[in-house]
Each structure stands twice: as C-alpha cells, then as structure tokens.
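The next block holds one structure in the form of structure tokens; read it before the comments.
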Amino acid sequence: MSSAIIILNYNDSTHTAELTSKIRNYNCFHKIILVDNCSPDGSYEKLLPLSDAKIDVIKAPANKGYACGNNYGIRHAIRNYRPDSVFIANPDTFIKEKDAERILSSMSSHPQYGILTALVNQGYNVWNLPGFWGIIESLFLIWFNLHKRSIKKKLLSSSNEIETVGVVEGSFLCIRSAAYEAAGGLDERTFLYGEEIMLSRRMKSAGFLIGILPDARYDHFHSVSIKKEYHSSKAKAFHHFRDSFRLYNREYLHTNAIQNFIFEAAYGLAYLERIVYDTLRRFTH
C-alpha cells in the first residue's frame, strides 16, 4: 500500500525535525507531510529547509487545533498523492520501520479496518468507545487509567494479529484513505482532546472497524508540545476536555438535560482532581 505520514507541529520544531530525520528513509512512508499549525515561535521557517522530493513542509491557514491541523495535512496528502493510507504522528512519537510496515500489511489484508495502530510502550493508547457513563469515567484520571490499564493487560496476552477495539489514541495511528473520506475526517469543532472518540464514532457509522496490532509497538513521550504550552499542568489544559466532551455529548450521544447536569457536576470534581494532582506533582519534583 502507498502511504503518507502527517506530523503536526506546534512550537516544537526540534522534535518534529528529529522524528523526520529518523523516518525519512523508511520505504513504507512514500511522503512525509510536516504541517506547522501557525506556531508563533518561527517553527515553519525552521522546518522549511527539510523540504525535498519526499518531504512537504506546509503551514495551516490558522491554528484551529489538532483535528483541523491534521485534516489539513491529510487532505493535502490525498489531494496531491492519493495514498492508500495516511499515518498521523505526534512529534513526540517514534515507530520502527518494521512495525509501520506490519500496520500497512495488516491494513492491506483486512479491508474492514478503517484505523489500525500499534500498542504504545509508555502508558495506554486504547479504550472502549464511550457512551455517556464512559464519558464520565474519562474525566477522572485514576478511574480512566485503570480502565485503560485493564485493556492493555488483555492486549498484551493476545496472540491475534489484530484486536478490534473501541478507540485508539491520536498520537500515532494509520487511517485508510477511503475510510477517512467516508467518515468525513476529524471533527474540526474540537480544538484539543476528544478527537479520537468522535473519529471512532464516524468510522463506525461509515461501516469500518478500529484495530490494534498487539505485537507491534511505538513510543510516545507524552505530549511534549502540550506540556510546553500549559507548563505541564493537567488543570490548565482541562477546559478543552469540557468543550470537546460537551460537543460529543450533544452531537454524538444526544444527551438530555439530566445527563448534561451530571456531566457538569462530574467535570467540576474532575477539575479538582487535576488541581490536587498538579499540587502534589510540584511538591514531589
């Protein structure tokens, strides 16, 4: 399968350039698209010298968030190069070529899957597609991480080539181009967080599955760009969760007034949890 990889940059040209250097000779990536999301630190100008026959360096018209920036890069790739599949990779990720090739091979032989990825080495990158109570669970750090931990434990013991899952994290994944177009891409009404669950809903509605290769791996060094922007504070970035989950509740779950009240109350408690987390982290570092 032909493929392109999209790396969305925001104020993180160093890691974007490092990742590009590591993967530029991968035969499985036919095009590398670096998308600068209107970084105010001059990232676009710093990345431009990387442009060559294999690497495109482009700039989004405006910074409207993760979904809009990645859509801009994916549509550039599909419009200009027509790849069978498109990878999305954060600048703070890395995958070995053999694992990327395995994803593409599985994508080729299993047309029912719209999204495939590997299992992340650090933390967790798989969870169930949430209904309303799943959204409430997602708000709370401890509860949600225990949920993801139990899923990863099961995946690590799997002997199957692919396991069908509900949602995979957007830090690194491969999307079938035809499925992307059928699903309408990422929901650009989000800015940060929640994009994966909305994409999974769209994929499911379009008739495609989400899968993970339990024996393949990638590294994710945990939101370097986000930590720089929000000074490693869980609480400061948390309002984006509320905005995205309100959208998901309204447009995808069609929640009622009582459910919306429960959500707002739970959000307040989860915000306090993050304040406590940030406070304890400052005292222990």
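What follows is calculated from the coordinates using simple rules that are stated; it is not laboratory data. Fair warning: this is a prediction, and the values are worked out from it, not measured in the lab. Glycine also receives a Cβ, built like all others from the backbone with ideal geometry; neighbour counts cover every protein chain displayed.
Neighbours of Tyr44, meaning other residues whose beta-carbon lies under 9 angstrom from its beta-carbon, give a summed charge of 0 when Lys and Arg score +1 and Asp and Glu score -1. Normalised by 2.2 N^0.38 Å, where N counts its residues, the alpha-carbon radius of gyration of segment 140-285 equals 1.16.
For segment 263-270, the Karplus equation 6.51 cos²θ - 1.76 cosθ + 1.60, evaluated at θ = phi - 60°, returns couplings of 4, 5, 5, 5, 4, x, 5, 5 Hz by residue, with Gly and Pro reported as x. On full extension, the segment bounded by Glu161 and Ser51 gains 36.0 nm, given 0.36 nm per residue less the C-alpha separation. Remark: spin-label model distance Leu247-Tyr81 equals 2.6 nm, labels positioned 7 Å along the Cα→Cβ axis. Taken about its Cα centre, the chain carries a charge dipole of roughly 260 debye when the Cβ of each Lys and Arg holds +1 and the Cβ of each Asp and Glu holds -1.
Counted by Cβ distance under 11 Å from Ile23, the other residues give a net charge of +2, where Lys and Arg count +1 and Asp and Glu count -1. For the chain, the longest principal axis of the Cα atoms and the long axis of helix 13-23 meet at an angle of about 50 degrees.
With a Förster radius of 41 Å applied to the beta-carbon distance between Lys98 and Trp133, the computed FRET efficiency rounds to 0.55. Listed cross-link partners Lys22/Lys98; Lys31/Lys59; Lys22/Lys59; Lys148/Lys204; Lys22/Lys96 are compared with a 18 Å cut-off, the Cα-Cα value being larger for Lys22/Lys59; Lys148/Lys204. Per the Debye formula on identical point scatterers at the alpha carbon atoms of segment 71-189, with no solvent, log10 I(q)/I(0) at q = 0.09, 0.11, 0.21 Å⁻¹ is -0.27, -0.41, -1.37. Helix 195-205 axis versus longest C-alpha principal axis of the chain: approximately 80°, rounded to the nearest ten. Gyration tensor over the Cα atoms of segment 3-284: the corresponding equivalent ellipsoid has semi-axes (square roots of 5 times the eigenvalues, largest first) of 28, 23, 19 Å.
Stokes-Einstein diffusion of segment 1-147 at 25 °C, 0.890 mPa s viscosity, Kirkwood radius from Cα pairs, rounded to a whole number: 148 µm²/s.
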